[in-house]
Amino acid sequence: MYRLISCTLLVVFHVSITAGNSPKYTHYDPYIHIELQCDQCPPGTFVRHDCTAEKRTECAPCPSKYFTSEWNSFKDCQYCSTVCKELQVTTQECSSTGNRICECVDGYFLDVEFCSPHTACPSGYGVVQQGTPDRDTICSECPKGTFSNTTSSTAPCQTRTNCRKLGRNVLHKGSSTHDTVCKEEPAFSCEIDLKECEKGVFNLLGSLNLTTKNIMTLMRSLPGKRVKQEDIEKTLKTCEQPKHLLKLFSLWRNKNNGNTIEGLKELKMGQLPRILRKRMKKLGQFLSGDSMYSLYQKMILEINGNQTQAVKLETLL
C-alpha cells in the first residue's frame, strides 16, 4: 500500500513543476528524493535557489562585470574579460548578457591567441579572398591574361592591357608579374606627303564632293594593298573636305610603295558610281597617254593658283 501512494505522488509532482514555456533543467531534491524539472534562468541572471515541489526556480541578476549569455542553470555568472590583448580593439563592452568582445586591428587576424599580420601576396599572385580579423588573406597565382607587379595583402590580379583593342602594336609582352606595354602611336595628322603632280590629280577628285559611301567604294576599288577600315573611318572623322580624300590617297600610296600613278592605271572602276567612273576613266586615259607631261604642267599651274589653267584641266576630266 505504501509503494502505491509514493508512485502516485511522483506523478503529481512531475506534472505540476514542468508547466510553463521556459527551458528546463533536472534537479534532484534530496528532501523528497525526487528528480524535478526546474525552470532555467534567462540571460543576465543565474540560479540563486533551485526549484522545490512547492516553489519555482529563484533567479538573481548578475553582478557588475559578470554575465550569462544564455538560458542557464548556473549557480554563478561568468566573469567578463578584463582588457583586450595587444593589437586588439574592443567591439563590444561587457554587459550582464555578454562578454567583452575583442578583435584584431585592421591588417591583422587572430592566429591561435595572438594577432598576426595578413599575408601579403607576392608579385605574380593576387588576393582572391580578403583577410578579416578572424581569417588570413588567401592568395592565388594570376591566371592567363592578368598580372600583379606588387606585394600586397589587398590587391587582386589585374587584367593586362590589350594593345590590339587600342589599335596599337605590342612593344613588350606582358606576363604574370608585369603588364603588356604598347608602342606609342604618333598623333593622327591630316597632313599629306603626295608629290605636287599627285596633289593636282587628287585635288580634282576632291572637288567632286563625294559622299562617305562613294569614298568607301572608291577606296575598295583601288588596286594593291587596301587602307584599313579603321584608318578610313578615323580619316573621315578627323579631316575636313577635301583634305580627307587626299589623306586617304596618301595612306594608300604609302601602302603600295608610292606608285600612285601606276596604281591608278589599274583602278577597278566597275563598282564606282557613274559620275566618278566617267572622271576616273578619262583620268586613266591621260595617265596612260602621251599628254602626261602636259597634264603635270597644268596641274602645277592649278596648284599655283592659275584659275584659267585649272578650268581647262577640269574640262579634260
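For the range 134-142, does any single residue satisfy the condition of being touching a Gly at 6+ places or on another chain (Cβ under 8 Å) and touching a residue at least 24 places away in the same chain (Cβ under 8 Å)?
Yes; the residues of the range 134-142 include at least one that is touching a Gly at 6+ places or on another chain (Cβ under 8 Å) and touching a residue at least 24 places away in the same chain (Cβ under 8 Å).
Of the conditions (1) among the hydroxyl-bearing types (Ser, Thr, Tyr); (2) within 16 Å of the chain's Cα centre (by Cα); (3) surrounded by 17 or more Cβ atoms within 10 Å (Cβ to Cβ), THR154 clears all except one; give me its number.
(3)
For ASP39, all conditions in the list (1) touching an Asp or Glu at 6+ places or on another chain (Cβ under 7 Å); (2) modelled with pLDDT of 95 or more; (3) of a type outside the set (Phe, Trp, Tyr) hold save one; what is the number of the exception?
(1)
Within the set of pairs 6 or more residues apart or between chains, which connect a residue that is closer than 15 Å to HIS27 by Cβ and at pLDDT 95 or above inside the range 47-72 to a residue that is polar (S, T, N, Q) and part of a strand (DSSP E or B) with Cβ atoms less than 7 Å apart?
Final answer for the pair search is CYS59/THR45.
Do we have ARG100 as surrounded by fewer than 16 Cβ atoms within 10 Å (Cβ to Cβ) and more than 30 Å from ASN149 (Cα to Cα) here?
Numbers: surrounded by fewer than 16 Cβ atoms within 10 Å (Cβ to Cβ): no; more than 30 Å from ASN149 (Cα to Cα): yes.
It is false that ARG100 is surrounded by fewer than 16 Cβ atoms within 10 Å (Cβ to Cβ) and more than 30 Å from ASN149 (Cα to Cα).
Here are some residues: THR57, THR132. Which one is β-branched (Val, Ile, Thr), surrounded by 18 or more Cβ atoms within 10 Å (Cβ to Cβ) and out of contact with any Ser or Thr (no Cβ under 7 Å at 6 or more places or on another chain)? Spell out the reasoning first.
Values: THR132 fails: surrounded by 18 or more Cβ atoms within 10 Å (Cβ to Cβ).
When all the criteria are applied, what remains is THR57.
Within the range 225-234, does at least one residue satisfy the condition of being at pLDDT 80 or above, out of contact with any Cys (no Cβ under 7 Å at 6 or more places or on another chain) and more than 22 Å from GLY167 (Cβ to Cβ)?
Kept after step one, since they are at pLDDT 80 or above, are these residues of the range 225-234: 225-234.
Right, trim to out of contact with any Cys (no Cβ under 7 Å at 6 or more places or on another chain) and you get 225-234.
Okay, now just the ones that are also more than 22 Å from GLY167 (Cβ to Cβ), so none.
No: zero hits.
What are the residues in the range 101-131 that are within 16 Å of CYS157 (Cβ to Cβ) and of a type outside the set (Phe, Trp, Tyr), if any? Working first, answer last.
Narrowing the range 101-131 to residues within 16 Å of CYS157 (Cβ to Cβ): 119-130.
Answer for the range 101-131, where residues must be within 16 Å of CYS157 (Cβ to Cβ) and of a type outside the set (Phe, Trp, Tyr): THR119, ALA120, CYS121, PRO122, SER123, GLY124, GLY126, VAL127, VAL128, GLN129, GLN130.
May I ask you to verify whether SER116 is in a strand (DSSP E or B), in the same structural domain as CYS157 (by TED's automatic domain parsing) and at pLDDT 95 or above? So that I can check it myself, show each step before the final result.
Working: in a strand (DSSP E or B): yes; in the same structural domain as CYS157 (by TED's automatic domain parsing): yes; at pLDDT 95 or above: yes.
Yes: the conditions hold for SER116.
Say whether the condition of being at pLDDT 95 or above and under 27 Å from the mean Cα position of the chain (by Cα) is met by at least one residue in the range 96-104.
Within the range 96-104, none of the residues are at pLDDT 95 or above and under 27 Å from the mean Cα position of the chain (by Cα).
Select from the range 212-262 the residues that are surrounded by 13 or more Cβ atoms within 10 Å (Cβ to Cβ), of a type in the set (Val, Ile, Thr) and over 36 Å from the mean Cα position of the chain (by Cα) and list them in ascending order.
Answer for the range 212-262, where residues must be surrounded by 13 or more Cβ atoms within 10 Å (Cβ to Cβ), of a type in the set (Val, Ile, Thr) and over 36 Å from the mean Cα position of the chain (by Cα): ILE215, THR217, THR260, ILE261.
The values are calculated or read from the model by the stated rules, or taken from the named source; none is laboratory data. Bear in mind that the values here come from a model prediction, so they are computed numbers and not experimental data. With ideal geometry, Cβ positions are generated from the backbone for all residues, glycine too; neighbour counts draw on all protein chains shown.
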